[in-house]
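Data first, discussion second: the structure below is written as structure tokens.
The values are calculated or read from the model by the stated rules, or taken from the named source; none is laboratory data. Please read all numbers here as calculations on a predicted model, not as lab measurements. Positions of Cβ are generated from backbone atoms using ideal geometry, with glycine treated the same way; all protein chains shown enter the neighbour counts. Side chains are part of the model used for accessible areas, which takes the heavy atoms of the whole protein and leaves out ligands, DNA and RNA. Shrake-Rupley method; radii C 1.70, N 1.55, O 1.52, S 1.80 Å.
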Amino acid sequence: MSAHAGQGKHSFVPAPDNTRLLRDAFGRFATGVTIVTAASEQGVVAITANSFTSVSLTPPLVLWSPDRHSRRFPYFEEARHYAIHVLAADQDDLCWQVAKDAFGLNHLQLAQNEHGVPLLENCLARFECTRSAIHDGGDHAIVLGHVDRATMREEGDALTFYKGQMGQIAASS
């Protein structure tokens, strides 16, 4: 491993034997936290994702990147429709439920859109999507979705993920 330490810095060339370092470096980018939901034969299937971003306004496109090795991946690879929910700081319990169990939301009485996609309430934003494409992204897939409907709330602080920890970003008043 080629690492240079100085003043609390590490420089390294990413390699198969130092993926933990690369993961830690990626973790220095604070992100919001989302839950992606889809319908499945077993009920609501969900996955947490911080790899969400907007792509285009015209047409309205977003992307997220699930791990191809995840047991949840086949559900989302097959899903033509799904919803991405941007979590509020007070929704960390939902995040942990889904992180532990792909079907951890089945006990909730969730509304569904016209495509049968389960929808969480009280998120900061929700994007109901139709899959446009799935691209290769190494050990992850890049899922591109067309936003069919967006919903947002005016108030609330964001649930964040930074250096492997949950936190929040409060909006200034």
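In this entry, Ala102 passes the filter for residues that are under 20 Å from Gln42 (Cα atoms), touching a helix residue (DSSP H, G or I) at 6+ places or on another chain (Cβ under 8 Å) and either in contact (Cβ under 8 Å) with a residue 24 or more places away in the chain or surrounded by 19 or more Cβ atoms within 10 Å (Cβ to Cβ) (or both).
Would you check if there is a residue in the stretch 1-17 being in contact (Cβ under 8 Å) with a residue 40 or more places away in the chain and surrounded by 13 or more Cβ atoms within 10 Å (Cβ to Cβ)?
no
Against the criterion of being at pLDDT 95 or above and surrounded by 13 or more Cβ atoms within 10 Å (Cβ to Cβ), Gln91 does not qualify.
Give the residues of the stretch 104-116 that are part of a loop (DSSP other than H, G, I, E, B) and over 16 Å from the mean Cα position of the chain (by Cα), sorted by residue number.
Initial filter on the stretch 104-116 (part of a loop (DSSP other than H, G, I, E, B)): 104-110, 113-116.
Correct list: Asn106, His107, Leu108, Gln109, Leu110, Asn113, Glu114, His115, Gly116.
Take the conditions (1) in a loop (DSSP other than H, G, I, E, B); (2) open to solvent by 60 Å² or more (accessible area, probe 1.4 Å); (3) touching a residue at least 24 places away in the same chain (Cβ under 8 Å); (4) within 25 Å of Ser56 (Cβ to Cβ); Arg149 misses just one of them, which is (1). Among the candidates Ala30, Ala38, the residue that is more than 11 Å from the chain's Cα centre (by Cα), aliphatic (A, V, I, L, M) and open to solvent by 40 Å² or more (accessible area, probe 1.4 Å) is uniquely Ala30. Has the stretch 149-161 got any residue that is at pLDDT below 95, among the polar types (S, T, N, Q) and over 18 Å from Ala39 (Cα atoms)? Taking every residue of the stretch 149-161 in turn, at least one turns out to be at pLDDT below 95, among the polar types (S, T, N, Q) and over 18 Å from Ala39 (Cα atoms). Number of residues in the stretch 65-88 that are open to solvent by 40 Å² or more (accessible area, probe 1.4 Å), assigned to a strand (DSSP E or B) and under 21 Å from Pro118 (Cα atoms) equals 1. Contact map, the stretch 26-54: residues that are in contact (Cβ under 8 Å) with a residue 12 or more places away in the chain and farther than 15 Å from Arg71 by Cα paired with residues that are of a type in the set (A, V, I, L, M) and not in a strand (DSSP E or B), Cβ distance under 7 Å, separation 6+ or inter-chain. Pairs shown: Val33/Leu87; Thr34/Leu87; Ile35/Leu87; Ile35/Leu94; Ile35/Val98; Ile35/Leu120; Ala39/Val117; Asn50/Val33. Return yes when Val62 is open to solvent by less than 40 Å² (accessible area, probe 1.4 Å), farther than 20 Å from His135 by Cα and at pLDDT 85 or above and no when it is not. It is false that Val62 is open to solvent by less than 40 Å² (accessible area, probe 1.4 Å), farther than 20 Å from His135 by Cα and at pLDDT 85 or above.
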